[in-house]
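Structure first, commentary second.
Every number here is computed from the coordinates shown, using simple stated rules; none is lab data. Since the structure is predicted, the reported quantities are computational estimates derived from the model, not experimental observations. No Cβ is skipped: glycine too gets one built from the backbone with ideal geometry, and neighbour counts run over all protein chains shown.
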Amino acid sequence: IRFNPVLKIFYERLITENRRPGRVALTAVMRKTLVILNAMARDDQPWRYAAPA
């Protein structure tokens with residue numbers, strides 16, 4: 001969440017709008033990152049930065 005602007009926005013939305021505790025939101029970000037990395041490994045694709053929505 002410090003270096004990826006897309007995941008930072010996701011984390012902040014979980015904290016503010018959904019009122020999740022910090023550790024719960026952080027776990028959700030970790031899971032999302034793991035899903036992204038597994039898809040990258042499956043498709044043999046490099047990391048691509050997305051513009052924040």
TRP47: passes all of (1) more than 11 Å from the chain's Cα centre (by Cα); (2) assigned to a helix (DSSP H, G or I) but (2)
Checked segment 1-24 for anything among the aliphatic types (A, V, I, L, M) and assigned to a helix (DSSP H, G or I); matches are VAL6, LEU7, ILE9, LEU14, ILE15, VAL24
When segment 36-53 is checked residue by residue, the ones that are in contact (Cβ under 8 Å) with a residue 24 or more places away in the chain and charged (D, E, K, R) are none
Of the residues in segment 16-35, those that are polar (S, T, N, Q), closer than 26 Å to TRP47 by Cα and without any contact (Cβ under 8 Å) to a residue 24 or more places away in the chain number 1
